[in-house]
Amino acid sequence: MLQELHISNLAIIDDQSISFGPGLNVLTGETGSGKSIVLSAMELLLGGRGSTQLIRDQADALEVQGIFDLADLPDSVIEELPEIARGEQICVSRSLSRTGKGKVFINGRLATVAVLESVARSLISVCGQNQHVRLLVPQYHRELLDGFGGLEAELKGYQGAFEEWRNLSHELATVLRDDGARAQRRSDLEAIVTDLSPLKIRAGERVELEAAVKRMASAENLIAGGQAVLELLRGEESISDRISTISGRLQELARLDSGIASIVGSFQALRTELSEATQDLERYVARVSVDDRLLESMRDRLAEIARLERKYKVSDSGLVELLRSAQAELAALSDSDGVGALHARCDAARLTVEEQADKLTKVRSEAAKRLAKAARVELATVALGDSRLEAKITPTELGPWGRDQVELEIATNPGESLKPLKLVASGGELARITLVLKTLLRERSGINVLVFDEVDTGISGGVARAVGLKLKSLAGRSQVICVTHLAQVASLADTHLLVSKINNKGAKGRATVKISTLKGDMQVDEIARTVSYTHLRAHETKANLVCRLLLE
């Protein structure tokens, strides 16, 4: 519940703290005393739009603070709150300076207005004139019916199917709309495949070709040089012969001195290695050939690869990947079955949406019957017993909420046909209908603090008493804060707050607002004031008048 509301420099309120209690809290006071300022403070705590015009004259900034006790809230509601707002108690604060800059604090931590709104609107609901006007909006009627019927699961299932169908529809529309772009893309891909496919390029091929061209271009020099080296190795006075001669003489010396045996071994190994190297060189020279046609062909291929690398700005390995991806994309674009499959998926999704919409319409219709029955009972408790309130459901185009248009209709007199609320209900009737709907939807709202702004406007006597009893009934399960002018309502208060405007002559005539908690004789005096002493019977005291109101 809302434990305390502190208001500083808001309109004509200088500095005021208001303590609320459980059950029914009523605010009374003369017209113009400042009751609406208290409601403006609550709207600011709800994240409502602030205005510098609300700042008290000669003050630099306004501030509103609220302390909420969350101890009795169910865990499911607390878990939906932001982390900074969880606990047994929460303090929210909002300030606004004359520069237009504002600050929001939740439990001492800086937050945004959006976070404040999500927190406060999960805890408190102000049912003022704007709430009455909201009843005239058919979109709100659907929300009321869905909330009353508890259609969260059905609505969630429908919206999931609707979202999938909408995404597929957008995808299909994009595909069909971009046929021209697809044709151009297909042409570009075909050009890439035509360029690259005939060459059959391999990754790293350019490096291999450059080495082969360099080698083939030097073939004559390689052959001549190789043969010259072979001549040195095997011709007259060749290196091989000399090493053989040296090896033979060393063997003769080794017979004279075994100490040079290791040297003999080294020269013999050298002879073997030289023989093997000579054979390798012979084979190399034999492989090298002079083929001008092959050389020219290799140079042409190398030039073509280089041209394609420049054109597509990638290496030869990049050309290989480009060809692969172009072939794959071209195959996908050329697959007419892809569009057909998308059409089929879209049609299937539409069928699912229609099935879910039918289910949603069915459960809404059932909820509408229950709402009409429950509303008739509740309307009777606020002196609207001859009224019928029903939710009219008419088909419309598929949308995020189904294909049902919901509008609340009412007949306030017997024998009259049902008509939209905006054409029939008066301001007082709208106030009482709001109270009825709040009663019906209370268990599903998750909100445990209900604020009613002059819900008793335009009513009196027994009707006022019935409204007061309904508020009292609501207050048995929720904290109710009500601004009222009626004794029939005020007499039922668990906590009675008096809003008074005081003109302080010692402060240059500046007015301020004082909010007092009334008990005992003070409460009796205020209730008596609301009906004026002219209603007193000759034998009645003010206390007797209040007792009579309570009994009535």
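Below is a table of values for the structure above.
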| quantity | calculated |
| --- | --- |
| Filter result (charged (D, E, K, R) and within 18 Å of Glu429 (Cβ to Cβ)) within the stretch 456-496 | Asp456, Arg465, Lys470 |
| Criterion violated by Glu163 - all others in (1) more than 30 Å from Ala375 (Cα to Cα); (2) modelled with pLDDT of 85 or more; (3) of a type outside the set (Lys, Arg); (4) open to solvent by less than 60 Å² (accessible area, probe 1.4 Å) satisfied | (4) |
| Some residue of the stretch 441-458 being open to solvent by less than 40 Å² (accessible area, probe 1.4 Å), among the acidic types (Asp, Glu) and at pLDDT below 90 | yes |
| In the stretch 399-437, the residues that are modelled with pLDDT of 90 or more, buried (at least 17 other Cβ atoms within 10 Å of the Cβ), of a type outside the set (S, T, N, Q) and within 34 Å of the chain's Cα centre (by Cα) | Trp401, Gly402, Arg403, Asp404, Val406, Glu407, Leu408 |
| Top-ranked residue of the stretch 55-66 - restricted to ones that are touching a residue at least 24 places away in the same chain (Cβ under 8 Å) and open to solvent by 50 Å² or more (accessible area, probe 1.4 Å), ranked as nearest to Lys103 (Cα to Cα) | Glu63 |
| Number of positions in the stretch 199-228 that are at pLDDT 70 or above and open to solvent by 60 Å² or more (accessible area, probe 1.4 Å) | 9 |
| Some residue of the stretch 64-73 being modelled with pLDDT under 70, part of a helix (DSSP H, G or I) and of a type outside the set (A, V, I, L, M) | no |
| Which numbered condition Ala173 fails, given (1) over 25 Å from the mean Cα position of the chain (by Cα); (2) at pLDDT 85 or above; (3) surrounded by fewer than 16 Cβ atoms within 10 Å (Cβ to Cβ) | (2) |
| Pairs where the first residue, in the stretch 11-30, is more than 19 Å from Leu62 (Cα to Cα) and the second is surrounded by fewer than 16 Cβ atoms within 10 Å (Cβ to Cβ) and of a type in the set (Val, Ile, Thr), C-beta under 9 Å, 6+ apart | Ser19/Thr517; Gly21/Thr517 |
| Hits in the stretch 473-484 (condition: surrounded by 18 or more Cβ atoms within 10 Å (Cβ to Cβ) and outside any strand (DSSP E or B)) | Leu474, Ala475, Ser478, Thr484 |
| Residue check for Ala286: surrounded by 14 or more Cβ atoms within 10 Å (Cβ to Cβ), at pLDDT below 80, more than 30 Å from Leu172 (Cα to Cα) and not hydroxyl-bearing (Ser, Thr, Tyr) | no |
| Inter-residue pairs, beta-carbon under 9 Å, first part of a helix (DSSP H, G or I) and in the stretch 144-159, second open to solvent by 40 Å² or more (accessible area, probe 1.4 Å) and β-branched (Val, Ile, Thr), 6+ apart | Leu145/Ile393 |
| Residue count for the stretch 100-117, restricted to those that are in contact (Cβ under 8 Å) with a residue 24 or more places away in the chain and either open to solvent by 60 Å² or more (accessible area, probe 1.4 Å) or more than 18 Å from Val451 (Cβ to Cβ) (or both) | 9 |
| Qualifying residue in the stretch 248-265 (condition: modelled with pLDDT of 75 or more and not in a helix (DSSP H, G or I)) | yes |
| Near pairs, Cβ below 7 angstrom, 6+ apart or cross-chain, from the stretch 392-420 (under 30 Å from Glu164 (Cβ atoms)) to any residue that is exposed (fewer than 12 other Cβ atoms within 10 Å of the Cβ) and of a type in the set (Asp, Glu) | Arg403/Glu397 |
| Candidates Arg388, Arg364 - the one that is open to solvent by 60 Å² or more (accessible area, probe 1.4 Å), within 30 Å of Lys438 (Cα to Cα), charged (D, E, K, R) and touching a Leu at 6+ places or on another chain (Cβ under 7 Å) | Arg388 |
| Neighbours by Cβ (under 9 Å, 6+ apart or cross-chain): first from the stretch 179-208, among the hydroxyl-bearing types (Ser, Thr, Tyr); second open to solvent by 60 Å² or more (accessible area, probe 1.4 Å) | Ser197/Gln327 |
| Subset tally (residues that are under 36 Å from the mean Cα position of the chain (by Cα) and open to solvent by 10 Å² or more (accessible area, probe 1.4 Å)) for the stretch 20-43 | 7 |
| Filtered residues of the stretch 330-354 (kept if open to solvent by 50 Å² or more (accessible area, probe 1.4 Å), over 19 Å from Arg142 (Cβ atoms), within 34 Å of the chain's Cα centre (by Cα) and touching a residue at least 12 places away in the same chain (Cβ under 8 Å)) | His343, Arg345, Arg350, Thr352 |
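The values are calculated or read from the model by the stated rules, or taken from the named source; none is laboratory data. Worth saying up front: this structure is predicted, and the values here are computed from it rather than measured. For neighbour counting, all protein chains shown are included, and Cβ atoms are generated from backbone atoms with ideal geometry for every residue, glycine included. Side chains are part of the model used for accessible areas, which takes the heavy atoms of the whole protein and leaves out ligands, DNA and RNA. Shrake-Rupley method; radii C 1.70, N 1.55, O 1.52, S 1.80 Å.
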